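The values are calculated or read from the model by the stated rules, or taken from the named source; none is laboratory data. Just so it is clear, the model here is predicted, and its values are computed rather than measured. As a convention, Cβ positions derive from the backbone with ideal geometry for all residues, glycine included, and neighbour counts pool all protein chains shown. With ligands, DNA and RNA removed, areas are computed over all heavy atoms of the protein, side chains included. Shrake-Rupley method; radii C 1.70, N 1.55, O 1.52, S 1.80 Å.
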Amino acid sequence: MGIDVNAPIFVISVAAELAEMHPQTLRQYDRLGIVRPSRAPGRSRRYSQRDIELLREVQKLSQEGVSLEGIKRIMELQNQVTGLRQRVVELSTQLDEAQRRAPDRSRVFAAGLAGDVVTLSRGQRPPAAATAVQQLGLVSLMERRSRLRALPAGKSAERNYADDDYVQSL
């Protein structure tokens, strides 16, 4: 069993020696919020192995010419990326569990006639609205002998729409 890398066990003098920095530099980084160590009951700083690694990274960036504000922003972005990666793993796990629980309940999303999102089962069509029938140019829909017949606008001959997919979904 190894040491927990997040366990705050190093006092500032030991942390400074491990990070090859002066203790005052560590205090400045704490004041600026670049590396925030834990606090012991007497308000003394306690650094973890992870904090030491961060201090070494700060030192490397500083030697490459990055300003302290730039280093702080880089550290914030790295923390944000780490948090987002953890969230992606959590959501992927939840999605896998949901798919295992309900594999037959696959849903399809389609655009409704009004532009809204409609949830459908596979093979199902979105319901048609009366305004859609008017937009398609159908003046009237009549039911005769359990068959649908429609008279398109401007046409005098009747056409049997009962076999059309759209009318059957009405």
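Computed quantities for the displayed model
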item	result
Shape of region 1-97, Cα gyration tensor, a/c cut at 1.5	oblate
Cut-off under 5 Å, modelled amide H: who pairs with Y47 long-range	I9, F10, V11
Q63 paired with L77, simple spin-label distance in nm, labels 7 Å along Cα-to-beta-carbon	2.2 nm
Heavy-atom accessible area per residue - region 42-126, 1.4 Å, Å²	76 Å²
Pairwise FRET efficiency - D96 versus Q124, Cβ, R0 = 41 Å, nearest 0.05	0.95
In Å², nearest 10: area of S92 left accessible to a 1.4 Å probe	50 Å²
Solvent exposure, largest accessible area first (probe 1.4 Å, DNA, RNA and ligands not counted), of D30, D116	D116, D30
Loop-located trypsin sites (Lys or Arg not before Pro) in region 27-94 whose Cβ has at most 15 other Cβ within 10 Å (DSSP)	R43
Selection of GluC sites (Glu not before Pro), region 32-115, meeting DSSP coil and at most 12 other Cβ within 10 Å	E64
